[in-house]
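Reading through the structure tokens given below for one structure.
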Amino acid sequence: MEELGVSYEIRPVSIFRPMTGEGNGDPANPHPDKRVPAVVHDGRLLAESVAIVLYLLDTFPQAELAPAPADARRGDYLTWIAWYVAELEPALFAGMAGELAGSPQKQRNYDAVLARQVHRCLLCGNASGEA
């Protein structure tokens, strides 16, 4: 929100933490599933990271944090955002939860994510493959 140059208010809420089994959903949490994140802007509720990012970057184009809809780079931008939620995040959480050794599919997905990140870094001109 700071990068957008808009004011905001953070309202801490309690959530259930599936990795530990601790916590409870907070009735004050506006997220329909009582998770985070959730953003309310101009009376509109946005839940889920990608929806929030897309909405905010399109709503505040003056921040120039995303390509405009007619920009030729928009396809790559949308592809990377979709890849994050569909591939990167599940692989990251599987690795953090220690689920890779017990699941060949999760290990394959995790390895594919790492390979794509190294490939992306090489395309960006970093010969070491680092971001």
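The values are calculated or read from the model by the stated rules, or taken from the named source; none is laboratory data. Bear in mind that the values here come from a model prediction, so they are computed numbers and not experimental data. Every residue, glycine among them, receives a Cβ derived from its backbone with ideal geometry; neighbour counts consider all protein chains shown. Surface accessibility is based on the protein's heavy atoms, side chains included, excluding ligands, DNA and RNA. Shrake-Rupley method; radii C 1.70, N 1.55, O 1.52, S 1.80 Å.
Brief remarks on what is shown
- You can think of it this way: the chain between ALA51 and ALA68 has 4.5 nm of extra reach, that is 0.36 nm per residue less the Cα-Cα gap.
- The apolar share of the surface of the chain, taken as the fraction of accessible area on carbon and sulfur atoms (1.4 Å probe, ligands and nucleic acids excluded), comes to 56 percent.
- When each of the peptides 84-90, 39-45 is scored by how many other beta carbons lie within 10 Å of its residues on average, the order from highest to lowest is 84-90, 39-45.
- Here each label is just a point 7 Å from Cα along the line to Cβ, and for THR59 and PHE93 those points are 2.4 nm apart.
- When peptides 14-20, 47-53, 69-75 are sorted by average Cβ neighbour count within 10 Å, with the highest value leading, the order is 47-53, 14-20, 69-75.
- Relative to the 2.2 N^0.38 Å rule of thumb, the chain has a C-alpha radius of gyration ratio of 1.27.
- Region 51-95 shape via C-alpha gyration tensor axes, a/c threshold 1.5: prolate
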